[in-house]
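The block underneath contains the structure these notes are about, expressed in structure tokens.
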Amino acid sequence: MTHSMKLAPAPFESVRSGKKTIEMRLYDEKRAKIKVGDQIVFENTVTRQTIGCVVVALTRYRDFYELYSDCDKTAIGYRADEIPDAADMNAYYSPEQIEKYGVLAIEIQVIRVR
């Protein structure tokens, strides 16, 4: 199955370069359909360029604090000189959404860039 997701330019480039290997999302109805071996096409929200990735692993977490404590900071999109902060995800998801659904770490591998 192929899934579509949008990414802002900075995380898009991090995925494209192979530095960001884990995409973090809410574990809502849409993401509950993702399985290992599925493909995800990420679209840059500005340029509309796309990247095809294969899902190599999925890990569910109660919240982003748990995910951040378990994952390498560069794999989730931080630079080596940055301090990761799970509260950054509040810009995308409300505490109520996170509590209701939990979160998902989607480990990906780039297979094509368009």
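The values are calculated or read from the model by the stated rules, or taken from the named source; none is laboratory data. Source: prediction; values computed, not measured. Note: ideal-geometry Cβ built from the backbone for every residue, glycine included; neighbour counts use all protein chains shown.
Here are the numbers for the structure shown:
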| item | result |
| --- | --- |
| Unmet requirement for Arg25, which otherwise passes all of (1) over 20 Å from Tyr78 (Cα atoms); (2) in contact with a strand residue (DSSP E or B) (Cβ under 7 Å, 6 or more places away or on another chain); (3) of a type in the set (D, E, K, R); (4) touching a residue at least 40 places away in the same chain (Cβ under 8 Å) | (1) |
| Test set (1) at pLDDT 95 or above; (2) within 18 Å of Ile108 (Cβ to Cβ) - Arg48 fails condition number | (2) |
| Cβ-Cβ under 6 Å pairs, at least 6 apart or on other chains, segment 78-103 side closer than 21 Å to Leu58 by Cβ, far side in a helix (DSSP H, G or I) and aliphatic (A, V, I, L, M) | Val103/Leu67 |
| Residue satisfying all of: in segment 1-40; surrounded by fewer than 15 Cβ atoms within 10 Å (Cβ to Cβ) and among the hydrophobic types (A, V, I, L, M, F, W, C); farthest from Val110 (Cα to Cα) among these | Ala32 |
| Residues of segment 80-97 that turn out to be surrounded by 12 or more Cβ atoms within 10 Å (Cβ to Cβ) and in a loop (DSSP other than H, G, I, E, B), as a count | 4 |
| Condition met for Tyr68 (surrounded by 15 or more Cβ atoms within 10 Å (Cβ to Cβ), free of Cβ contacts under 8 Å to residues at least 12 places away in the same chain and within 13 Å of the chain's Cα centre (by Cα)) | no |
